Each structure stands twice: as structure tokens, then as C-alpha cells.
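Each remark here refers to the structure printed beneath this line.
The values are calculated or read from the model by the stated rules, or taken from the named source; none is laboratory data. Everything numeric in this text was worked out from a predicted model, so none of it was measured. Quick reminder, even Gly has a Cβ in these numbers, built from the backbone with ideal geometry, and neighbours come from all protein chains shown.
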């Protein structure tokens, strides 16, 4: 999903910077409040950030014969919302752009939007909808993280198709980029969803009080989850 | 089922890994990165990137070193926090 350095012409790279900026600013504001008012959640924040670090460094093969990587942003988005996940994504993308020539400084805005904001927004919404509908918690987390991963790559395809409609127009270009990104990503998204669901289980077991305080799960649900897997 | 979710996840990973016993990518992609493929598609239209990365890892080995470092930093933090929680739960 990394758009490489120099691969977004003006005005697109500026546009994506402008689109991402308000989310990041709000994310930093939320992060500040979290640090001041809910210090006990900081280890969880560290875990969410560390997850993006680990998962986005693993380039996995897929059945299309090419390699891509999961994003790991779903966990942070479910726990802290898409804006804070955006800040976590930004940190990782800067690391990769500076030290690995993976992605780029000029394409940072577009990459932050797809991996840090658009994907996490999907995770956040799917999680909220799932818990409200009373669906199985782990299945909800799985769906949220997997769809966030997949949607990140769909957004990258859209970004590239907008900048390079070519001769086939936006839709044709989108299909071409989606064939490279989104199709490769399907099995990786499933793996990512499964792993994040498993991590969520351990958080439920070890630190349920944080989930209650962040208003993510009611106490009754946590009680039930702990009993079924006690 | 105490370990139901664990069993499901491990099965999924084994199935995922098992696919690659039967699949070979001798074709044009040969396990290259999807990012690079997209870049090739763009370059095929005659587009030239207007700016180069200001620093690139000098070799593939150094690149994998940095990727491993990135994963290690994350893994240390995850292990530390979960270990801390596990121990403090046992002590109370």
C-alpha cells in the first residue's frame, strides 16, 4: 500500500497531505487528553502502536505470487479510535520512509490517509456496529481488523487511479491497481483479523478493566467472555 | 472450549502457509512486492517519479536488517506489556 517516493504528481500529494492533516491534529489532541486523563491506558496504547510496527514490517507472500504486508492498525482503531490510530500509523510510515525508502516523504500524506485513517475508520465503525448488534466479540474484532486491512489497499488503489487515470479512465485504472493491491491483500487481511482477534482475547483476560473504562465492552459481556473461556 | 480461538487461528495460519507448498510463483511476479508492481504499472505509462528517496538502504541485507529491527521493537513492547499484566494479575 506504500505509494513510493515521487509517485504522486502535484497536486495529488499536496491534496492528501491536506486531507490527512485535520485527522492527525485531532488525533494528537486526543492523545494528549488520553495521556493526561487516562494514564492507565498508556500500556495498551503502546501495544497498539507496537502492533502496527510488527505487522507492517512483515511482508507476506500471497496467492497472487506477490508479497504485501498487513497493516496492524485495526487494533489501535478499535481501542482508541481512527484519529489516534492515524498518529500511530504516521510514526510507522515516517520510520519506513526515512530508514527503508519504503513509501516516501512526499507521499506520506496519501499513505497516512489510507493506512492510518481510512482503514482504521472502517475498523472503528465495524466494531461499533458489531458490538451494538450484539455480535460475537471476537468475530467482530476479526471482521473489523480484516476489513480495515483490505480497505486500506482499496483506498491506495483509488488514490493511484485518481492520479493516474491513464487512457482507461478512473474506473479502468482503479481495477488495474486493485488487481495488484486488493486481491493480493485478501488472504493477508484474513490472517491479520485472526491475529488481532486473538490479541483482543488476551486483553479481555488480562486487563478487562481498561476495556470497560474506554467504553468498549460492557461488564456483562466481559464476564460472559471470561466464563466461556475460563 | 478454553483454547478454541487459539486453535482456529493456528489452523488458519497453517492452511495459509500450506498453500505455498503447492503454489509456485515462477510467473512474472515471483514474490515481488505489490508496491513495486504498482510502481511498474505507473512507469509503463511513461511517468517518471519527480523525486527520489533521499536515502535508501545500501543493500537488500541492510534493508532486511531494518525491517527485522522494526518488528523486534514492536515485539519487545508487546511482550513487555503482556508479561507485566500477567505477572501483576498473579500477584494480586
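Of the residues in region A:45-62, at least one is assigned to a helix (DSSP H, G or I) and more than 9 Å from chain B (Cβ to nearest Cβ).
Checked across region B:2-18, the condition of being closer than 15 Å to residue A:66 by Cα and without any contact (Cβ under 8 Å) to a residue 40 or more places away in the chain holds for at least one residue.
Considering the conditions (1) over 18 Å from residue A:192 (Cα atoms); (2) more than 7 Å from chain B (Cβ to nearest Cβ); (3) surrounded by 24 or more Cβ atoms within 10 Å (Cβ to Cβ), residue A:92 is excluded by exactly one of them, (1).
Checking the condition under 24 Å from residue A:5 (Cα atoms) and either at pLDDT below 95 or within 9 Å of chain B (Cβ to nearest Cβ) (or both), which residue from A:184, A:152, A:137, A:131 passes? Going through A:184, A:152, A:137, A:131 in turn, the sole match is A:184. Of the helices (runs of 4 or more DSSP H) entirely within region A:64-180, none holds at least 3 residues that are in contact with a strand residue (DSSP E or B) (Cβ under 9 Å, 6 or more places away or on another chain). Just one of the listed residues (A:86, A:81, A:116, A:103) is in contact (Cβ under 8 Å) with a residue 40 or more places away in the chain and within 12 Å of chain B (Cβ to nearest Cβ), and it is A:103. For region A:210-230, the set of residues classified as more than 12 Å from chain B (Cβ to nearest Cβ), outside any helix (DSSP H, G or I) and surrounded by 14 or more Cβ atoms within 10 Å (Cβ to Cβ) consists of A:214, A:216, A:217, listed by residue number. All told, residue A:166 falls short of being within 30 Å of residue A:42 (Cα to Cα) and within 11 Å of chain B (Cβ to nearest Cβ). The residue that is surrounded by the most Cβ atoms within 10 Å (Cβ to Cβ), among those in region A:1-38 that are part of a helix (DSSP H, G or I) and within 14 Å of chain B (Cβ to nearest Cβ), is A:13.
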